[in-house]
Amino acid sequence: MSNSKIQDFFGKPLTIVNIGLGSMAQSVRDQGVPVLDVDWRPPTEGLPRLHTTQSGIDIDTANAEACRRIKSGRPVLVGMGIARDVIPGMHAHMILHAGPPITWERMCGPQRGAVIGALVYEGMAQDEAQAEKLAASGAIEFSPCHHHHSVGPMAGIISASMPVFILENKSFGNRAFATQNEGLGKVLRYGGLGPEVYTRLKWMETDLYPTLDRALQTLPDGIDLRSLIAQALHMGDECHNRNRAGTSLFLRAIGPALARTSRDGEILARVIEFIDRNDHFFLNLSMPAGKAMLEPAEGVDGSSIVTVMARNGTDFGIRLSSMPERWFTAPAGIVQGLYFPQFTEADANPDIGDSTITETAGYGGMAMAAAPAIVKFVGGSPQLATQTTLEMYEITFDEHEQFTIPALNFRGTPCGIDVRLVMETGILPQINTGIAHKNPGVGMVGAGILRAPEACFREAFDAFQRI
Amino acid sequence: MPVKSIIKVGEYHDSVSLMLVAQALSSSPGVSDAAVVMATEANKGILAQAGLLDEAASAANSNDLVIAISAEDEASSTAALQLAETLLKAKVSAAQSGEFHPRTIHSAAAAHPEANLAVISIAGRYAANEAWQALRAGLHVLLFSDNVSLEDEIALKKYAVDHGLLLMGPGAGTAIINGVALGFANVLPAGPVGIVSAAGTGLQEVSTLLAKQGVGITQGIGTGGRDLKEEVGGRMMLAGLRALQADPATKVLLLVSKPPAASVTEEVLDQIASGTKPAVVCFLGGNPAIVQAVPNAVPARTLQEAALITARLAGASLMETADLLKQEDQQLKAQASSLSSRLAPEQQFLRGLFSGGTLCYETQLIWQELLAEAVYSNAPLRLADKLPDSNHSQGHSAVDLGEEEFTVGRPHPMIDNDLRIRRLLQEARDPGVAVILLDVVIGYGAHPDPAAELARAVGEARQIAAQNGHKLIVVASVTGTSGDPQGLEKQTRLLEGAQVIVCGSNAAAARLAAYVVQDRSDEK
């Protein structure tokens, strides 16, 4: 073919990537030529480099398609509804939960607590004791949120009469769902129980939901969440553990419509207060936005891109684009955290929640460099936050085009975790998360970071080798 | 336990910093629990649950910072509150732990779209994978690593050529690309000569000899030693040749290699004939007549001859190369006969100790032509002349100390002189030795001051020879330029200070050495 490119190279300033001897780099550096040192390590013995699948599909091509779908997704908040009416497959005796499938017997404390709370909230049980019996009786069908186009933070419990946000990916037409965020502390999603939890949930159903719903009905184009996430990333959020900017942006976007559709000034004031005081209100929009963007990437033959990462507090599970029905699981990890007063690591439940959908979609821990305000989680300095994100580029196939990081000269966020790269580099996805108390009924005890467990990636890679 | 608190009105800190402070307070002496929080309603609830909410804290609002301590005595809580103040004021050190290094070529290239050349020097068994990654990322590659399989080399070069990329190597120790010396290479002037070489030190020798004539280069492309084998098909030499033919800055081409496979020779010569630029072809040990017949092509038998012809084609005001070499030969012969007179009768043999493989090879070609006796080597021209034991010379011997048998687990003799110095002393003990020939290769990548160490060793070698009543003749050439970090002139001076006879090229040094012993045979 053409050798024009070799000539084009002549006369150009060199920028060298050095892999190996430091002396090679040094002598070039001595000549004033920029050198990028690769911190190269020998690959795991016996790990095959996969370029095509057994069935002959070019994996890079498949991954490019999966990532194209993720990047071109445009999730928009189009409305709200009651779970049983709008979530496909939902019914009165079903409870959706975070993470891969799990039985009541294997469920962790906070998830059990949240199931108990939801049954009380639904009026299916008089009290928590009765709810626990009902949950264990087999009369309740447990199903992962992810099997219903939904995601839930922490315990991730969605019961039939909970109000949910409805998102539509305008590029592909698929929908995604999530509940409204309750705030921090003693809340249902952290397994918190008690009258204040139920009262808050009821208020969210009777006051918050109708107020937001009426406002959204007057916005024919909905609220473009891709745009809000992109802006929030420029305002110090990574849209998983920090949602302060996103929450503010959401209030601004919906504010006029809230005012115009208000029937009661006091209720409106309380709605605004509630959202304002809950820095994580936007989490329950950034999560389903991730789900809405990732679902079209499910089912690309030959793709090794991770389309789901989710935890139920017992297991950590992932799914691959090319095997969208199959969960690969490993025990959920322990979060390295900072704790609220009176709590310690001994109180912590293992990693829990569907919120890792944000990392899967290319923000959250992937975009740590965008969130200097919470860098204490990764060791305390903005430089370490930047390094965390730079490290994540090692395991992603692509970079997002809409989501960019100012501190990295507006480079796109790491997007499309490639299970091959995870195995080749040994670098595991960075996860930012909250910490739930291990016992039912207590609630949130801290926040922190951890890496996804290697075992489920290894299992997925092994299965992927055989397709 | 008593609770003590401080309210800092309107002082905002992010919650994570505050949790860190609280953590430090909780572990300070006498403190049972501590909280450092903004006094939001939610946080006040948490304080109340923990029994840390006193009256002052209850009254604070969400813009205020609360530091609350539960401690066993007044002193402990006061100390803890002071600690809190200190920690809150502590500025995070600006100095951070090092810069981030990408772990893969893929991510280095993604982060730096301006990156255009990968230099790979990791263990051979991993090198091909990395070279693939570099080519796929659109990078040209200098593959310094050895021990890459022939199959990998062929596949990599096929891909590179198809995508307009250079894949120099495997085993490419030298390249000069866009004026930058890569690997073992010298500081050279820019000029009209484009070089493609399958031999690393061959490329260093011709490029520095050109520089000595004031002639510079556009590019020095190293192809790796196997490129001109039938299986590889000269892919990189052909690609480099085509690129230089099309490069407007390149006026004269210079190719250096051992004689290629017949089919490859034909392709290379066809490519030269199809262009318009003159090409000097130095197929060391090949048949010049084949080259002579080809339009644009000029054969050269040694690296020195190649450099001189090329320099002249590039416009250096030199006399006809054949005349120049004849003139030099006369001087060398005169010098040889005066040297020869110092030798004892039994001093008959030449010993070449080389750090550069191609210089060793060139020397053997010259010696073979000028000497009646066999020339032995660990890397011989003919299998029959292989040294039975690489560690012991016999007759005339030219030893390539850069061969793998010497370098496993040891630095290359261009970097570390120890091996060569030991061998030099060993040769000096041999009463049959007349002349020791050395190559001194300087430039980037090489030892910072090889002549200093070698000169010392030569002094020692002379003393050893003197114990036999012998005078030892040591001849050397310095492959390098004035601009090299070690400095051509300084290296030459150091060697001459140890009575080493320094010639202007390896070929001249080899001829001088040969003439010294040739004269002796004549005497007999």
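The values are calculated or read from the model by the stated rules, or taken from the named source; none is laboratory data. The model shown is predicted, which means the values in this text are computed figures rather than measured ones. Neighbour counts run over all protein chains shown; Cβ positions are idealised from the backbone, glycine included.
Taking the criterion of being in contact (Cβ under 8 Å) with a residue 24 or more places away in the chain and at the interface with chain A (Cβ under 7 Å from one of its Cβ atoms), the residues of the range B:109-130 that qualify are B:109, B:110, B:115, B:116, B:117, B:118, B:119, B:120, B:121, B:130.
Is one or more of the residues making up the range A:364-377 within 30 Å of residue A:103 (Cβ to Cβ), more than 11 Å from every other protein chain (Cβ to nearest Cβ) and either among the aliphatic types (A, V, I, L, M) or in contact with a strand residue (DSSP E or B) (Cβ under 9 Å, 6 or more places away or on another chain) (or both)? Yes - at least one qualifying residue is present in the range A:364-377.
The C-beta contact set for the range A:425-454 (first residue over 26 Å from residue A:305 (Cβ atoms), second residue basic (Lys, Arg) and assigned to a strand (DSSP E or B), distance under 8 angstrom, 6+ apart or interchain) is empty. Residue pairs whose Cβ atoms lie under 7 Å apart, sitting 6 or more positions apart in sequence or on different chains, and linking a residue in the range B:18-36 that is closer than 10 Å to residue B:87 by Cβ and within 11 Å of chain A (Cβ to nearest Cβ) to a partner that is surrounded by 17 or more Cβ atoms within 10 Å (Cβ to Cβ) and among the charged types (D, E, K, R), are B:20/A:376.
Give me the helices (runs of 4 or more DSSP H) completely within the range B:94-195, filtered to those with at least 2 residues that are of a type in the set (S, T, N, Q), ordered by residue number. Show your work before the answer.
Numbers: elements: B:105-111, B:124-136, B:150-162.
Counting at least 2 such residues, we get B:124-136.
Residues of the range A:214-255 that are assigned to a loop (DSSP other than H, G, I, E, B), more than 18 Å from the chain's Cα centre (by Cα) and either in the same structural domain as residue A:433 (by TED's automatic domain parsing) or among the hydrophobic types (A, V, I, L, M, F, W, C) (or both): A:219, A:235.
Among B:322, B:316, which is the only one that is in contact (Cβ under 8 Å) with a residue 24 or more places away in the chain and closer than 24 Å to residue B:253 by Cα?
Just a single option satisfies the conditions, and that option is B:316.
Residues that are assigned to a helix (DSSP H, G or I), at pLDDT below 95 and within 14 Å of another protein chain (Cβ to nearest Cβ) are absent from the range A:200-213 altogether. Summed over the range A:336-354, the residues that are over 18 Å from residue A:107 (Cα atoms) and surrounded by 24 or more Cβ atoms within 10 Å (Cβ to Cβ) give a count of 2. Exactly one residue among B:235, B:312, B:226 is more than 14 Å from chain A (Cβ to nearest Cβ), under 25 Å from residue B:157 (Cβ atoms) and of a type in the set (Lys, Arg), and that residue is B:226.
In the range B:329-372, what residues are charged (D, E, K, R), over 24 Å from residue B:441 (Cα atoms) and in contact with a strand residue (DSSP E or B) (Cβ under 6 Å, 6 or more places away or on another chain)? Give the derivation first.
Our first condition is that a residue be charged (D, E, K, R); within the range B:329-372, this holds for B:329, B:333, B:342, B:346, B:351, B:362, B:369.
Subsequent filtering for residues that are over 24 Å from residue B:441 (Cα atoms) retains B:333, B:342, B:346, B:369.
Those that are charged (D, E, K, R), over 24 Å from residue B:441 (Cα atoms) and in contact with a strand residue (DSSP E or B) (Cβ under 6 Å, 6 or more places away or on another chain): none in the range B:329-372.
Of the candidates B:328, B:369, the single residue that is part of a helix (DSSP H, G or I) and in contact (Cβ under 8 Å) with a residue 40 or more places away in the chain is B:328.
Residue pairs whose Cβ atoms lie under 9 Å apart, sitting 6 or more positions apart in sequence or on different chains, and linking a residue in the range A:86-106 that is of a type outside the set (Asp, Glu) to a partner that is part of a loop (DSSP other than H, G, I, E, B) and exposed (fewer than 12 other Cβ atoms within 10 Å of the Cβ), are A:93/A:139; A:104/A:138. If only residues of the range A:1-58 that are β-branched (Val, Ile, Thr) and facing another protein chain (nearest Cβ under 7 Å) are counted, the one that is nearest to the chain's Cα centre (by Cα) is A:38. Is it the case that the range B:131-150 has a residue that's more than 55 Å from the chain's Cα centre (by Cα), at the interface with chain A (Cβ under 9 Å from one of its Cβ atoms) and without any contact (Cβ under 8 Å) to a residue 60 or more places away in the chain? Taking every residue of the range B:131-150 in turn, none turns out to be more than 55 Å from the chain's Cα centre (by Cα), at the interface with chain A (Cβ under 9 Å from one of its Cβ atoms) and without any contact (Cβ under 8 Å) to a residue 60 or more places away in the chain.
For residue B:335, are the conditions met, namely being buried (at least 23 other Cβ atoms within 10 Å of the Cβ) and part of a helix (DSSP H, G or I)? Before you say what the answer is, go through the steps one by one.
Working: buried (at least 23 other Cβ atoms within 10 Å of the Cβ): no; part of a helix (DSSP H, G or I): yes.
Against the criterion (buried (at least 23 other Cβ atoms within 10 Å of the Cβ) and part of a helix (DSSP H, G or I)), residue B:335 does not qualify.
Among the residues making up the range B:167-195, those that are over 17 Å from the mean Cα position of the chain (by Cα) and either within 11 Å of another protein chain (Cβ to nearest Cβ) or modelled with pLDDT under 95 (or both) are B:190, B:194.
Only one entry in B:454, B:495 is over 22 Å from the mean Cα position of the chain (by Cα), closer than 18 Å to residue B:413 by Cα and free of Cβ contacts under 8 Å to residues at least 60 places away in the same chain, namely B:495.
For the subset of the range A:315-335 comprising residues that are more than 14 Å from chain B (Cβ to nearest Cβ) and within 30 Å of residue B:17 (Cβ to Cβ), which member is surrounded by the fewest Cβ atoms within 10 Å (Cβ to Cβ)? Outline the logic, then answer.
Going residue by residue through the range A:315-335, those that are more than 14 Å from chain B (Cβ to nearest Cβ) are A:315-334.
Among the residues that remain, those that are also within 30 Å of residue B:17 (Cβ to Cβ) are: A:316, A:332-334.
Details: A:316: 28, A:332: 24, A:333: 18, A:334: 14.
Looking at residues that are more than 14 Å from chain B (Cβ to nearest Cβ) and within 30 Å of residue B:17 (Cβ to Cβ), I get A:334.
For the range A:287-314, the tally of residues that are surrounded by fewer than 23 Cβ atoms within 10 Å (Cβ to Cβ) and in contact with a Lys or Arg (Cβ under 8 Å, 6 or more places away or on another chain) stands at 3. Report the residue count in the range A:15-30 for those that are surrounded by fewer than 21 Cβ atoms within 10 Å (Cβ to Cβ) and either at pLDDT 95 or above or touching a helix residue (DSSP H, G or I) at 6+ places or on another chain (Cβ under 7 Å) (or both). Matching residues across the range A:15-30 total 1. Every condition in (1) farther than 23 Å from residue A:311 by Cα; (2) crowded, with 18+ Cβ neighbours inside 10 Å is met by residue A:84 except one, and the failing one is (2). All conditions in (1) assigned to a loop (DSSP other than H, G, I, E, B); (2) within 22 Å of residue A:365 (Cβ to Cβ); (3) free of Cβ contacts under 8 Å to residues at least 40 places away in the same chain hold for residue A:299, with the sole exception of (2). For the range B:351-358, the criterion of being in the same structural domain as residue B:512 (by TED's automatic domain parsing) and either surrounded by fewer than 19 Cβ atoms within 10 Å (Cβ to Cβ) or without any contact (Cβ under 8 Å) to a residue 40 or more places away in the chain (or both) is met by no residue.
Can you pull out every residue in the range B:189-210 that is out of contact with any helix residue (DSSP H, G or I) (no Cβ under 8 Å at 6 or more places or on another chain) and among the acidic types (Asp, Glu)? Listed by number, the list is empty, since nothing qualifies. Checked against (1) free of Cβ contacts under 8 Å to residues at least 40 places away in the same chain; (2) part of a strand (DSSP E or B), residue B:45 meets all criteria but (2).
Just to check your reading of the model, which residue among A:196, A:132, A:182 is out of contact with any helix residue (DSSP H, G or I) (no Cβ under 7 Å at 6 or more places or on another chain), outside the structural domain of residue A:401 (by TED's automatic domain parsing) and either closer than 24 Å to residue A:264 by Cβ or free of Cβ contacts under 8 Å to residues at least 60 places away in the same chain (or both)?
Values: A:132 fails: out of contact with any helix residue (DSSP H, G or I) (no Cβ under 7 Å at 6 or more places or on another chain); A:182 fails: out of contact with any helix residue (DSSP H, G or I) (no Cβ under 7 Å at 6 or more places or on another chain).
Answer to the selection: A:196.
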